[in-house]
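> After the structure tokens below, expect a handful of questions from me.
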Amino acid sequence: MKESPTSTSDVTIKELETRGIQVRKIEKEVYEVFIGPQHPGSGHMRIIVRLDGDIIAEADPDIGYVHRTMEKLSEVREWLKPIPLLERMTIIDACNITVPYVNALEKLMDKAPPPRASYLRVLLCEINRVASHLYGFGIFGVFLGHSTAYMWAFGDREVFVELAEILTGARLTHTYPIPGGVRRDMPQDFPEMARRAVKYMRRRLIEYQRIFLDNPVIVKRLEGVGVISKSLAAELGIVGPNIRGSGIKYDVRLIEPYEVYDELEFEIPVYEEGDALARTWVRVEEIKQSLNIIEQAVDWLERHKGELILSKDDYDKLPKLHKEIYEKTGRVKLLPVHASMKIPAGKAVARGEAGRGEIFYYVESDGGTVPYRVRVVTPSARNAIVFKYIVPGHKLMDLPAIYGSIDYFPPESDR
Amino acid sequence: MVEALSLDNIINSIKLNLEGLVKSISISKGYIEVVVDASHIVEAALKLKSMGYDHVKSITAIDYPKESKIRVVYHASSYINEDLAKTIIGLTADIPRDNPVIDSLSQVWRSVEFQEREVYEFFGVIFREHPDLRPLLVIPELAEKKVLRKDFIVKEESIYEGIPHKY
Amino acid sequence: MLETLLYIIAYPPLWQVLIVGFLGSLLIAMIAIWFERKTAARVQRRIGPYWASPKLGGFLNIIADMIRYVLQQVIIPTSVDKTAFILAPVAALIITLLPIVFIPLSPIETFWPIPSMDYSLLVALALTTVPPLLLIVAGWASNNKFAVIGSLRESYIITAYELIAVISILSVSASTSTFNLVSIVEYQAPLKWFIVLNPVAFLAAFLAILMSTSAFPFEIPESEHEVVAGPFTEYSGILYALNMGGAYIRRFIYSILLAIVFLGGWAPYTPPLDSGPLMGIIVPSIIVIIKASIIVLAMSFLRAVYGRYRLDQALEYAWKLFLPLALLGLGWAIIVGFTI
Amino acid sequence: MKGSSIDRVYVGNLNIAARRARDLLLGKLKLGEIVDWATTFSLWPVHLLTSCCGAEFAATWSPRFDAEQYGALPWVGPRQTNFIVIEGTVTRKMACALRITYEQMPNPKFVIAMGACALDGGLFYNSYNIVRPWEVVPVDIYIPGCPPPPEALARAILELRKKIREKNIASKWLIEGWRNDRDYVSPKEDVCRWWRP
């Protein structure tokens, strides 16, 4: 393998160039492979992998193929408009991504959502989390050549996408939370559906375990691959299920409970091994916990029917017609003034636990109608460093296993 | 009021540890802002790290064209120490806009490496002694334009107000 | 008239090489692809190919794919070694089909394509080992990094599985003390099939064929998530179809060999020596093809259940587990040879 | 072959023979229609994910919607496929990959542009980092929506099939060597200029 293009002599290079082929010399005695962006195992990114034999000597993630300039665009759009904009970066996890932004706005405005709105947000967040974990799980399955895991996970993800659609009206891009509340109330028959979905998913998880997680081929592929030790995980600053798979009990829902997470009962699954298998198990356990939270949230919402889903002063400002619509359909119709509202000057930081890990927002206002600066650091953006520091030393065939196990989602990383 | 007490404790210990480096320290919404001089940032970061702040969540650069400065904020926190994990320290330094150079913290916290590259490409902030300072997300041609600075104006259609803003 | 027609059809080169070898294996390959897609779809709770021909369960879809591939533009990149690039898949397909010439589908001598079947097992087995080498050539000629890595993997796999396949299939000779496939079939009277007498060797041979034709869980040379399409990354149009179909055809030829050697060949039916072409060759061949198809389809089903092993793990299994298994099968065969 | 005597000596006039063979195959045997039919049931999209509509693209092949029943099967490399789905925004970096992928595909090939961003930028219309896909590759079918639901993508595949069958695009493309019913799109600027090896 070392003999191949790396040591092409100058004569052959000239000859190839006359034939119109781009040739360049590689300095080291390595075999350079570009994985992506058009590659079944890359997604929307490129990983420049330098191989020494079959061992990866160096991996350089070349990201930015989905950089859609959300930070800049947020600076020129009115305060509410970044919500739909930002949720496009993790379209499969829309609510989890936008809740911290809304929280930051609420911190700046000194406004708190009513409890029912908070519960609705948590409900959608957890539905999104299950859907997002199943998405990652499916992609992971197909990375290991297990197409059944992909299809099952994507099929079952539809259950939760459907739930979210019933709740918000959109399959993926919900734009659900707004400063001071949410946009729609829960439909009457939603609790029943949610409970059925939860029951169904619990049963399916056992089947997943049988076909995928306990499959000897899969276990063999994942065990001891991509091990991230506890101290290294902290040093690299990776987030989410990846860090909990390395034995660090860090979950924003636990550390700094936002919304109503402090009122809910759930556990944070932590595995000590730090390998790809542990990270996968963390996700599966998290799905179980999310299902618990969905049940609790639905129960609470059923007990507290008729409460406001918009903060009191916002509701009082609504004209009569809009109030009637709200009473009838449970839909909040916002006034144009919302679009051009001004937020007092200041800066706020908010963090939340999205499906793939901690999401961080820094929002600065100069008192105008648009944000002065919105800085968003997404979980995948922080996990990207894994490619550089964990992948080297593994075999080429381990790359999809590690990629899948850290559940890297390029659009989220690139913003 | 356990929360507030521990917050005070943390501020006190930061003051103690970073003595002589801190310009000002204040509680902001969601984080503790610690302003230091740009030339002392590595020292301050090392001390914060020895206190237990083991990773950086975000590097934010904010452009203030009126004051002709760029503010770089490292939001650091802790994973291992659960008490410190509850707080975020915003290690802040101001650097001149026309010559934005600052020492890289990638030797202190490895987690800043990619985000420093990002700040470099969007704001043109040069991090001294960064191991691999290349544009991360955008093509080199765009990185030269320093797109996230306020003088790079993106046109926006709006019915409410005449935008783009003039800064 | 019909008699004459039957005799023409049963003329060995025509029947054995063209009809069974080429058309039969093409059909079985298409059925295997269709079956693979359909069963995978069934396991995955969906429909799979359907609307091309609802009555046939979407089977015409595979034909559509085939026509599309055959008539699509063939791109030959400037950077490839043209001769090898074009010749390798064609040669691989032809050599893949060759073993069928040495496999008897009937005990009657007039219907054999070659005059004597004395060393048929050896020759057939030897020929099956050639096509993978041409895949390596194809990958190397492509001058594509993924293709080169893919063909390197192929070469590792070849060294691992070839020994297993050869030992486990040849072990029946230790029992029967002959390389004559007809004698081997005759040795297996209805209830003395080697899959019963010597299941270990059959298992080893089955696993070796899985590795050889890169079926799951050993789909490593074409593992799409690292090396796109492996050795075939640069191939398009008909050349890719040859490559892709080649793997299935190879699987089918191997399966015919397995059906003859382990599953009792044309048993339970044994044509009398004076029977005509219909009962003498066509019916026994169909029995063999059905047995072979079952093996092919069983291999295809594994896609729905397994992921793929890593290269080193597959090699480890091959050398540490399957090779001893094949040797065990050989020992078992010797015992069988002495006792039965 | 004009002027050379070889074609006359051995096989008569090659051009006339080829024309006759073409007439026979296309006219009497309806080979063209078979090609069109085969292409419509064998639209294999290449594995190129340009943006977040990829989530819905993946869902289109999930058990609930199962686009494989129309014969469309996502496949690995551009050489083996004939169809690109542009899933949403195309950034400047991705435009290069998109163009290269398109050029690597064998004829006849088709493009579906999915999502508002692929139409005209969508939410990101004023972003500094996006390009319009129709400036990079010729697009056959556009799907509006942000993101379009999987049903819409399945519908687009059906519409593309209809278009191929009605206009005999695939067979004409193969006969004439290029596509006549649509303008050839080449990017105005070099989309890969940022990539300097």
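> Residues that are of a type in the set (Ser, Thr, Tyr) and under 26 Å from C:Trp193 (Cβ atoms): does the range C:232-244 have at least one?
No, there is no match, as no residue in the range C:232-244 is of a type in the set (Ser, Thr, Tyr) and under 26 Å from C:Trp193 (Cβ atoms).
> Can C:Arg303 be described as open to solvent by 10 Å² or more (accessible area, probe 1.4 Å), within 14 Å of chain A (Cβ to nearest Cβ) and more than 21 Å from C:Phe179 (Cα to Cα)?
yes
> Given the condition in contact (Cβ under 8 Å) with a residue 24 or more places away in the chain, open to solvent by 10 Å² or more (accessible area, probe 1.4 Å), of a type in the set (A, V, I, L, M) and in a helix (DSSP H, G or I), answer yes or no: does some residue in the range C:109-123 qualify?
Looking for residues that are in contact (Cβ under 8 Å) with a residue 24 or more places away in the chain, open to solvent by 10 Å² or more (accessible area, probe 1.4 Å), of a type in the set (A, V, I, L, M) and in a helix (DSSP H, G or I), one finds at least one in the range C:109-123, hence yes.
> Only one of (1) in a strand (DSSP E or B); (2) touching a Cys at 6+ places or on another chain (Cβ under 6 Å) is not met by D:Cys96, so which one is it?
(1)
> Pull out all pairs, ordered by first then second residue, where Cβ-Cβ is under 7 Å, the residues are six or more apart or on different chains, the first lies in the range A:74-94 and is under 11 Å from A:Thr369 (Cα atoms), and the second is modelled with pLDDT under 85 and part of a helix (DSSP H, G or I).
Within 7 Å, the pairs are A:Glu78/A:Ala339; A:Leu80/A:His338; A:Leu80/A:Ala339.
> List the helices (runs of 4 or more DSSP H) that sit entirely inside the range A:308-415 and contain at least 2 residues that are under 29 Å from the mean Cα position of the chain (by Cα), within 14 Å of chain B (Cβ to nearest Cβ) and of a type outside the set (Phe, Trp, Tyr).
Counting at least 2 such residues, we get A:336-339, A:379-383, A:385-389, A:410-414.
> Give me the pairs: first residue in the range C:24-36 and within 15 Å of C:Leu60 (Cβ to Cβ), second residue of a type outside the set (Phe, Trp, Tyr), beta-carbon distance under 6 Å, and six or more apart or on different chains, which are they?
Filtered contacts from the range C:24-36: C:Met30/C:Ile62; C:Ile33/C:Ile62; C:Trp34/C:Ile62; C:Phe35/C:Leu297; C:Phe35/C:Ser300.
> Going residue by residue through the range D:164-182, is there one that turns out to be modelled with pLDDT of 85 or more, more than 9 Å from every other protein chain (Cβ to nearest Cβ) and within 13 Å of the chain's Cα centre (by Cα)?
Within the range D:164-182 (the criterion being modelled with pLDDT of 85 or more, more than 9 Å from every other protein chain (Cβ to nearest Cβ) and within 13 Å of the chain's Cα centre (by Cα)), the answer is yes, since at least one residue qualifies.
> Here's a follow-up. Would you check if there is a residue in the range C:320-339 being of a type in the set (Gly, Ala, Ser) and under 30 Å from A:Gly141 (Cβ atoms)?
no
> Looking at B:Asp151, B:Asp98, which is the one that is more than 11 Å from every other protein chain (Cβ to nearest Cβ), part of a loop (DSSP other than H, G, I, E, B) and modelled with pLDDT under 85?
B:Asp151
Every residue, every condition in (1) surrounded by fewer than 23 Cβ atoms within 10 Å (Cβ to Cβ); (2) in contact with a helix residue (DSSP H, G or I) (Cβ under 7 Å, 6 or more places away or on another chain); (3) assigned to a helix (DSSP H, G or I), yes or no:
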residue: C:Ala292; (1), (2), (3): no, yes, yes
residue: C:Leu297; (1), (2), (3): yes, yes, yes
residue: C:Gln313; (1), (2), (3): yes, yes, yes
residue: C:Leu321; (1), (2), (3): yes, no, yes
residue: C:Pro324; (1), (2), (3): yes, no, yes
residue: C:Phe338; (1), (2), (3): yes, no, yes
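> Any idea which residue in the range D:30-49 is farthest from the other protein chains (Cβ to nearest Cβ), counting only those that are under 21 Å from D:Cys96 (Cα atoms) and among the aliphatic types (A, V, I, L, M)?
D:Val46
> Condition test on D:Tyr102, is it open to solvent by 30 Å² or more (accessible area, probe 1.4 Å) and within 12 Å of chain A (Cβ to nearest Cβ)? Walk me through how you get there before you give the answer.
On the way: open to solvent by 30 Å² or more (accessible area, probe 1.4 Å): no; within 12 Å of chain A (Cβ to nearest Cβ): yes.
Considered against the rule, which asks whether it is open to solvent by 30 Å² or more (accessible area, probe 1.4 Å) and within 12 Å of chain A (Cβ to nearest Cβ), D:Tyr102 comes out as no.
> Scanning the range C:199-231 for residues that are outside any loop (DSSP other than H, G, I, E, B), touching a residue at least 40 places away in the same chain (Cβ under 8 Å) and open to solvent by 10 Å² or more (accessible area, probe 1.4 Å), which turns out nearest to the other protein chains (Cβ to nearest Cβ)?
For the range C:199-231, the residue satisfying everything is C:Leu207.
> Further question: Can you list the helices (runs of 4 or more DSSP H) lying wholly within the range A:187-300 that have 1 or more residues being aromatic (Phe, Trp, Tyr)?
In the range A:187-300, the matching helices (runs of 4 or more DSSP H) lie at A:190-208.
> Something else about it: Of the residues D:Ala55, D:Ala113, which is more than 12 Å from chain A (Cβ to nearest Cβ) and buried (at least 24 other Cβ atoms within 10 Å of the Cβ)?
Only one candidate qualifies: D:Ala113.
> So which residues in the range B:49-76 are in contact with a strand residue (DSSP E or B) (Cβ under 6 Å, 6 or more places away or on another chain) and under 24 Å from A:Ile238 (Cβ atoms), if there are any at all?
Selection gives B:Tyr53, B:Val56, B:Lys57, B:Ser58, B:Ile59, B:Thr60, B:Ala61, B:Val72, B:Val73, B:Tyr74, B:His75, B:Ala76.
> Could you list, in sequence order, the residues of the range D:136-153 that are surrounded by fewer than 20 Cβ atoms within 10 Å (Cβ to Cβ), under 20 Å from D:Glu68 (Cα atoms) and in contact with an Asp or Glu (Cβ under 8 Å, 6 or more places away or on another chain)?
If the condition is that a residue be surrounded by fewer than 20 Cβ atoms within 10 Å (Cβ to Cβ), under 20 Å from D:Glu68 (Cα atoms) and in contact with an Asp or Glu (Cβ under 8 Å, 6 or more places away or on another chain), then D:Ile141, D:Pro149 are the ones that fit.
> What's the total number of residues in the range C:1-45 that are surrounded by fewer than 19 Cβ atoms within 10 Å (Cβ to Cβ), modelled with pLDDT of 80 or more and not in a helix (DSSP H, G or I)?
1
> Let me ask something else. Looking only at the range D:116-138, count every residue that is part of a strand (DSSP E or B) and more than 10 Å from every other protein chain (Cβ to nearest Cβ) and tell me the total. Explain how you work it out, then say what you get.
If we filter the range D:116-138 for residues that are part of a strand (DSSP E or B), which is where we start, we get D:130-131.
Add one more test, that the residue is more than 10 Å from every other protein chain (Cβ to nearest Cβ), and what stays is D:131.
Number satisfying all stated conditions: 1.
> In the list C:Phe216, C:Phe202, which residue meets the criterion of being among the aromatic types (Phe, Trp, Tyr) and touching a Lys or Arg at 6+ places or on another chain (Cβ under 9 Å)?
Going through C:Phe216, C:Phe202 in turn, the sole match is C:Phe216.
> Can you tell me how many residues within the range A:60-100 are among the aliphatic types (A, V, I, L, M) and away from chain B (no Cβ under 13 Å)?
7
> To continue, here is another question. Against the condition under 15 Å from the mean Cα position of the chain (by Cα) and surrounded by 20 or more Cβ atoms within 10 Å (Cβ to Cβ), how does D:Pro133 come out, does it pass?
The answer is yes for D:Pro133.
> A further question follows. Say we look at the range A:239-266 and pick out the residues that are facing another protein chain (nearest Cβ under 8 Å) and at pLDDT 85 or above; which of these is surrounded by the most Cβ atoms within 10 Å (Cβ to Cβ)?
That would be A:Ile243.
Quick grid of which residues meet (1) of a type in the set (Lys, Arg); (2) open to solvent by 50 Å² or more (accessible area, probe 1.4 Å):
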site: A:Ser229; (1), (2): no, yes
site: A:Glu235; (1), (2): no, yes
site: A:Arg279; (1), (2): yes, no
site: A:Lys305; (1), (2): yes, yes
site: A:Ser311; (1), (2): no, no
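> With the requirement that a residue be in a helix (DSSP H, G or I) and hydroxyl-bearing (Ser, Thr, Tyr), what does the range A:61-90 give you?
Correct list: A:Ser74, A:Thr90.
> Regarding D:Glu33, is this residue touching a residue at least 60 places away in the same chain (Cβ under 8 Å), touching a strand residue (DSSP E or B) at 6+ places or on another chain (Cβ under 9 Å) and of a type in the set (Asp, Glu)?
No: the conditions fail for D:Glu33.
> Could you check C:Leu311 against (1) among the aliphatic types (A, V, I, L, M); (2) more than 30 Å from A:Asp214 (Cα to Cα); (3) within 14 Å of chain A (Cβ to nearest Cβ) and say which number it fails?
Here C:Leu311 meets the rest and fails (2).
The values are calculated or read from the model by the stated rules, or taken from the named source; none is laboratory data. Remember, it's a predicted structure, so these values are computed and weren't measured experimentally. Cβ: placed from backbone, ideal geometry, glycine included. Neighbour counts: every protein chain shown. Heads up: the accessible areas ignore ligands, DNA and RNA and are worked out on the full protein's heavy atoms, side chains in. Shrake-Rupley method; radii C 1.70, N 1.55, O 1.52, S 1.80 Å.
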